[in-house]
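Just dropping this structure here.
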Amino acid sequence: YTISVPLRRLERDAQAMGEAPVETPTDPEAPREVRYLRDTVARLATDLLQRAEALRASEQRFQAVLENSLDVAYRRDLRHDRYEYLSPVVERTIGFSPAEMSELPHDQVLARVHPEDIERVRREFAEAETAGMGTIEYRFQCKDGTYCWLADYFVVQKDEEDRPRYYSGSMRNI
């Protein structure tokens with residue numbers, strides 16, 4: 001009895017892991033070590049599939065919460081000067097779709113802050129980068145040209161060199 005036969009079966013079963021739980025028929029002729037290895041791989045594959053399904057379900061629940069919240073959740077990538085994520089309610093809040101907002105560089109977003117608020121907003125953003133978090137209230141020009149008051153709550157996530165990397169937070173129309 002050669003080890004190549006059960007190893008080929010293991011390889012075939014491993015390829016099927018993404019499709020369904022691996023079933024391992026008992027092969028009484030296989031050496032004990034091969035049977036043990038086969039059974040271990042099957043247990044691990046089944047566990048991995050169960051964990052992947054649990055993660056998928058958890059992500060779906062989290063996505064449902066974000067997409068149905070009245071607050072705008074966001075993550076702004078400071079290095080690439082764009083929003084990585086904006087929840088869909090942003091369109092109801094300020095009139096811009098997530099895709100439209102993602103295309104706006106930070107200076108264009110700030111250009112929509114009311115002229116009477118802009119200096120304070122710039123100062124408070126700078127202070128938040130030092131403090132690691134911020135809460136800023138300001139008037140923002142919506143897509144239709146009207147202004148709404150926003151309360152912006154965020155944390156500043158820093159990179160390995162302690163430089164601001166992301167703003168992650170939520171905004172609400174107050």
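Please go through segment 34-87 and pick out each residue that is more than 30 Å from residue 151 (Cα to Cα) and touching a strand residue (DSSP E or B) at 6+ places or on another chain (Cβ under 9 Å).
none
Filter segment 103-116 down to the residues that are in a helix (DSSP H, G or I) and either over 16 Å from residue 81 (Cβ atoms) or in contact with an Asp or Glu (Cβ under 9 Å, 6 or more places away or on another chain) (or both) and list them by number.
Correct list: 106, 107.
Right, next: Being without any contact (Cβ under 8 Å) to a residue 60 or more places away in the chain, within 30 Å of residue 63 (Cβ to Cβ), among the β-branched types (Val, Ile, Thr) and open to solvent by less than 50 Å² (accessible area, probe 1.4 Å) is the requirement here; does residue 113 meet it?
For residue 113, the condition - without any contact (Cβ under 8 Å) to a residue 60 or more places away in the chain, within 30 Å of residue 63 (Cβ to Cβ), among the β-branched types (Val, Ile, Thr) and open to solvent by less than 50 Å² (accessible area, probe 1.4 Å) - is met.
Please tell me if residue 32 is on the phi < 0 side of the Ramachandran plot, at pLDDT below 85, out of contact with any Gly (no Cβ under 7 Å at 6 or more places or on another chain) and open to solvent by 100 Å² or more (accessible area, probe 1.4 Å).
Working: on the phi < 0 side of the Ramachandran plot: yes; at pLDDT below 85: yes; out of contact with any Gly (no Cβ under 7 Å at 6 or more places or on another chain): yes; open to solvent by 100 Å² or more (accessible area, probe 1.4 Å): yes.
For residue 32, the condition - on the phi < 0 side of the Ramachandran plot, at pLDDT below 85, out of contact with any Gly (no Cβ under 7 Å at 6 or more places or on another chain) and open to solvent by 100 Å² or more (accessible area, probe 1.4 Å) - is met.
Can you pull out the residues in segment 63-81 that are touching a helix residue (DSSP H, G or I) at 6+ places or on another chain (Cβ under 9 Å), open to solvent by 70 Å² or more (accessible area, probe 1.4 Å) and either within 17 Å of residue 152 (Cα to Cα) or at pLDDT 95 or above (or both)?
70, the sole residue that qualifies.
In addition: Within segment 117-145, which residues are closer than 19 Å to residue 82 by Cα and among the polar types (S, T, N, Q)?
Selection gives 141 alone.
Quickly run through segment 66-102 and pick out the residues that are within 18 Å of residue 141 (Cα to Cα) and either assigned to a helix (DSSP H, G or I) or among the acidic types (Asp, Glu) (or both).
Within segment 66-102, 71, 89, 90, 91, 92, 93, 94, 98, 99, 100, 101, 102 meet the criteria.
The values are calculated or read from the model by the stated rules, or taken from the named source; none is laboratory data. In this text, all values refer to a predicted model and were calculated from it rather than measured experimentally. No Cβ is skipped: glycine too gets one built from the backbone with ideal geometry, and neighbour counts run over all protein chains shown. Note: areas computed on protein heavy atoms with side chains; ligands, DNA, RNA excluded. Shrake-Rupley method; radii C 1.70, N 1.55, O 1.52, S 1.80 Å.
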